[in-house]
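Q: I have a structure here, written as structure tokens, and I will follow up with some questions on it.
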Amino acid sequence: MKKIFSKPQSLKNVAFKYCPGCGHSIAHRLIGEVIDELQIREITIGIAPVGCAVFAYNYFDIDMLEIPHGRPPAAATGMKRVYPDKVIFAYQGDGDLAAIGTAEIIHAANRGENITIFFINNANYGMTGGQMAPTTLKGQRTTTTPLGRNPKVAGYPIHVSELLSHFEGTAFIARGSLDSYKNIVITKKYIKKALQYQIDNKGFSFVEMLCPCPTDWGMSPEEALKWLRENMMNEFKLGEIKDKWSNV
């Protein structure tokens with residue numbers, strides 16, 4: 001009988017070393033569980049860049065590839081074209097994907113590459129000290145916006161999921177959250193649907209996950225969850241944003 005809290009086979013038997021209250025460990029577990037449930041562990045390749053995501057190879061017990069900042073969609077494209085029968089996913093943070101890798105994610109989505117991207121949105125550059133990211137909210141304080149993000153100077157938060165949804169090549173785009181049991185369950189369903197769409201050769205799939213970052217937000221884990229719910233969820237609405245095949 002399967003234990004309710006047993007470790008997914010797709011994760012190594014090591015303890016996560018992320019900051020207390022960080023959502024990366026939850027995201028890792030969800031992806032690992034889905035890989036096991038879909039029975040694709042032996043054909044799955046994960047790609048991670050510089051940033052907090054760089055530690056993914058320590059935790060996923062699958063083939064992993066480490067790529068320079070912002071480049072995972074390009075690497076995933078090449079990998080999928082060479083190995084079309086593999087399941088390829090990239091795991092990226094907001095600074096990495098939405099700033100350094102803007103060109104890569106936009107063009108991979110526009111081409112409709114049959115890959116899956118998992119996008120961790122914690123509204124700042126987590127690994128390098130909490131600087132402003134493209135997803136940083138208006139008025140949010142970071143190490144590079146100590147008085148709060150001023151749109152007149154730094155622009156507005158970029159809604160990556162909505163942006164990508166306008167490309168004809170994108171098949172499935174959804175935004176979930178890692179703040180509560182209910183939202184975690186829903187997010188797992190998005191992850192499973194995204195990977196299944198790739199397996200079925202339906203095109204580019206993308207799952208954004210709102211993620212607490214207590215350390216760089218200068219909050220306790222409890223305060224970070226509250227801030228995420230009261231602020232990030234108002235800016236970044238949860239739900240399925242695009243499902244190209246829902247009525248087909």
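Q: Scan the range 148-162 and report the pairs whose first residue is under 23 Å from residue 92 (Cα atoms) and whose second residue is assigned to a loop (DSSP other than H, G, I, E, B) and among the aliphatic types (A, V, I, L, M), with Cβ atoms within less than 8 Å and a gap of 6+ or a chain change.
A: 149/132; 149/137; 154/132; 157/123; 157/137
Q: Also, I was wondering about something else. Kindly indicate whether residue 18 is of a type in the set (Phe, Trp, Tyr) and touching a Phe, Trp or Tyr at 6+ places or on another chain (Cβ under 8 Å).
A: Spelling it out, residue 18 is indeed of a type in the set (Phe, Trp, Tyr) and touching a Phe, Trp or Tyr at 6+ places or on another chain (Cβ under 8 Å).
Q: Looking at the structure I just gave you, is residue 219 assigned to a loop (DSSP other than H, G, I, E, B), of a type in the set (A, V, I, L, M) and either in contact with a strand residue (DSSP E or B) (Cβ under 9 Å, 6 or more places away or on another chain) or over 25 Å from residue 105 (Cα atoms) (or both)?
A: yes
Q: Restricted to the range 91-122, and to residues that are touching an Asp or Glu at 6+ places or on another chain (Cβ under 7 Å) and under 21 Å from residue 151 (Cβ atoms), which residue is surrounded by the most Cβ atoms within 10 Å (Cβ to Cβ)?
A: By that ranking, first place goes to 121.
Q: Further question: Enumerate the pairs (first residue in the range 52-79 and at positive phi; second residue anywhere and outside any helix (DSSP H, G or I)) with beta-carbon separation below 6 Å, excluding pairs fewer than 6 apart on the same chain, so at least 6 apart or on different chains.
A: 70/101
Q: So, in the range 197-248, of the ones that are buried (at least 20 other Cβ atoms within 10 Å of the Cβ), out of contact with any helix residue (DSSP H, G or I) (no Cβ under 8 Å at 6 or more places or on another chain) and under 20 Å from residue 18 (Cα atoms), which residue ends up modelled with the lowest pLDDT?
A: The selected residue is 216.
Q: Still on this structure: Give me the pairs, please: first residue somewhere in the range 222-248 and in a helix (DSSP H, G or I), second residue anywhere and surrounded by fewer than 18 Cβ atoms within 10 Å (Cβ to Cβ) and among the aliphatic types (A, V, I, L, M), beta-carbon distance under 8 Å, and either six or more positions apart or on two chains.
A: Within 8 Å, the pairs are 227/219.
Q: Another question, if that's okay. Which pairs turn up if I take residues in the range 95-115 that are within 19 Å of residue 198 (Cβ to Cβ) and assigned to a loop (DSSP other than H, G, I, E, B) and look for partners that are hydroxyl-bearing (Ser, Thr, Tyr) and at pLDDT 95 or above with beta carbon separation below 8 Å, at least 6 apart in sequence or on another chain?
A: 112/170; 113/77; 115/77; 115/205
Q: Also: Which members of the range 47-76 meet the condition of being out of contact with any Pro (no Cβ under 8 Å at 6 or more places or on another chain) and crowded, with 20+ Cβ neighbours inside 10 Å?
A: Correct list: 51, 52, 53, 56, 59, 60, 62, 73, 74, 75, 76.
Q: Okay, next question. Identify, from the list 53, 123, 90, 133, the residue that is in a helix (DSSP H, G or I) and either touching a Phe, Trp or Tyr at 6+ places or on another chain (Cβ under 6 Å) or not acidic (Asp, Glu) (or both).
A: After ruling out the rest, the residue left standing is 53.
Q: Additional query: Given the residues 120, 158, 173, which is the only one that is of a type outside the set (Gly, Ala, Ser) and in contact with a His (Cβ under 7 Å, 6 or more places away or on another chain)?
A: 120
Q: Right, another one. With respect to residue 35, is the statement that it is in contact with a Ser or Thr (Cβ under 9 Å, 6 or more places away or on another chain), under 22 Å from residue 80 (Cα atoms), among the hydrophobic types (A, V, I, L, M, F, W, C) and at pLDDT 95 or above true?
A: yes
Q: Quick check on the range 159-194: of everything there that is under 15 Å from the mean Cα position of the chain (by Cα) and β-branched (Val, Ile, Thr), which residue is surrounded by the most Cβ atoms within 10 Å (Cβ to Cβ)?
A: If we take residues in the range 159-194 being under 15 Å from the mean Cα position of the chain (by Cα) and β-branched (Val, Ile, Thr), then 173 is surrounded by the most Cβ atoms within 10 Å (Cβ to Cβ).
The values are calculated or read from the model by the stated rules, or taken from the named source; none is laboratory data. Because the structure is predicted, anything quoted here is derived from the model rather than measured. Neighbour counts are summed over all protein chains in view; Cβ atoms, including those assigned to glycine, are modelled from backbone coordinates with ideal geometry.
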